[in-house]
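Here is the structure we will look at, set down as structure tokens.
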Amino acid sequence: MDYVVGNPPYVRVHNLRENYEDIKAFSFSKKGMTDLFIVFFEIGFKMLNKTGKMSYISPTS
């Protein structure tokens with residue numbers, strides 16, 4: 001893809017009751033607790049081609 005644009009959810013992974021193990025399978029979330037939006041960054045990077053651009057709304061934390 002040439003562009004990925006999004007507003008990922010800001011949810012702490014440990015607050016998820018369903019699909020918790022599915023989320024922990026992503027490399028960004030393997031260690032410790034993280035926010036779900038980090039997983040969306042990984043998905044976005046995988047979707048982009050070499051010259052693609054990504055723009056997400058994300059917190060500064």
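The values are calculated or read from the model by the stated rules, or taken from the named source; none is laboratory data. Just so we're clear, the structure is a prediction, and the values are computed from it rather than from any experiment. Virtual Cβ from ideal backbone geometry, glycine too; neighbours counted across all protein chains shown.
At a glance:
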| read-out | value |
| --- | --- |
| Flag if ILE43 is within 10 Å of the chain's Cα centre (by Cα), within 15 Å of MET1 (Cα to Cα) and either loosely packed, with under 10 Cβ neighbours inside 10 Å or at pLDDT 75 or above (or both) | yes |
| Test: residue in the stretch 33-40 that is in contact with a Lys or Arg (Cβ under 8 Å, 6 or more places away or on another chain), modelled with pLDDT of 75 or more and either hydroxyl-bearing (Ser, Thr, Tyr) or surrounded by 12 or more Cβ atoms within 10 Å (Cβ to Cβ) (or both) | yes |
| First in the stretch 34-54 and of a type in the set (D, E, K, R), second anywhere and part of a strand (DSSP E or B) and modelled with pLDDT of 95 or more, Cβ under 9 Å, 6 or more apart | LYS53/TYR3; LYS53/VAL4; LYS53/VAL5 |
| Filter result (aliphatic (A, V, I, L, M) and outside any helix (DSSP H, G or I)) within the stretch 36-61 | LEU48, MET54, ILE57 |
